[in-house]
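Here the structure is laid out as structure tokens; the discussion comes afterwards.
The values are calculated or read from the model by the stated rules, or taken from the named source; none is laboratory data. The model shown is predicted, which means the values in this text are computed figures rather than measured ones. Glycine gets a Cβ as well: all are built from the backbone with ideal geometry, and neighbour counts include every protein chain shown. Just so you know, the surface numbers come from the protein's heavy atoms only, side chains and all, with ligands and any DNA or RNA stripped out. Shrake-Rupley method; radii C 1.70, N 1.55, O 1.52, S 1.80 Å.
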Amino acid sequence: MTEDEISNLKKNWKRLTEKLKNVFEEEPDLQTIIFLIGVQELGVPKRSFSKEEKTNLMHVATCKLLSYEGYYSFIKTDEDGWPHFEKVKPVPAMSLKEQDIMLKKSVLKYFEDSGFFIPE
């Protein structure tokens, strides 16, 4: 990514987290937003989740986000309402910074697709 693209990503990320601050009362971090996406993808009303369910929600969200980059594809929703994905191609080794950038780009795309957020 160019410096301009990184600057734009940072600006849009800040705008998104400030908008989500209204929901969480503080600016959420990437992990909190990924969890939120997992809950959205599961499509259940607000409730408590077990530790195992929280882990599964993070997995669902990560697969959804990586589907934007072509690494996963949605297969089906099971009888309990959980989305399932299949790996389409291996995720290449990346630095933590590269992972962070890819996930943030995908999160912005997710919220743009939902109509919740329009990047500049």
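Taking every protein chain into account, the accessible area of segment 15-120 amounts to 64 square angstrom per residue (probe 1.4 Å).
Shown for the chain: the carbon plus sulfur share of the solvent-accessible area, taken with all protein chains present and a 1.4 angstrom probe, equals 49%. Taking amide H positions as modeled 1.01 Å from N, with prolines and chain starts lacking one, the residues under 5 Å from Tyr72 and 5 or more places away or on another chain are Ser67, Val88.
Considering only Ile34, Ile101, Ile75, the Gaussian network model of the chain with Cα springs below 10 Å gives its largest mean-square fluctuation to Ile75. Sites listed here are trypsin sites (Lys or Arg not before Pro) in segment 65-109 whose DSSP assignment is loop and whose Cβ has at most 14 other Cβ atoms within 10 Å, and the list is empty. Extending 7 Å from the Cα toward the beta-carbon at both Met58 and Asp78 defines two label points whose distance is 1.9 nm. Here, the chain has an Rg and a Dmax of 14.7, 46 Å when only alpha carbons are counted. Compute the relative contact order of segment 14-120 as a whole-number percentage, counting only Cα pairs closer than 8 Å that sit 6 or more residues apart in sequence. Here the relative contact order equals 20 percent.
Modelled this way, with points 7 Å down the Cα-to-C-beta line, the labels at Glu86 and Met1 are 3.1 nm from one another. Dipole size of the chain about its Cα centre, with +1 on Lys/Arg Cβ and -1 on Asp/Glu Cβ: approximately 60 debye, rounded to the nearest 20.
Think of segment 18-120 as having a plus end and a minus end, set by charges on the Cβ of Lys, Arg, Asp and Glu; of Ser106, Ala93, Leu57, Ala93 sits farthest toward the positive end of this dipole. State which helices in the chain qualify, where a helix is a whole DSSP H run, it must extend 15 Å or more along its own axis by its Cα atoms, and its mean Kyte-Doolittle hydropathy must be at least 0.0. TM-like helix candidates: 30-42.
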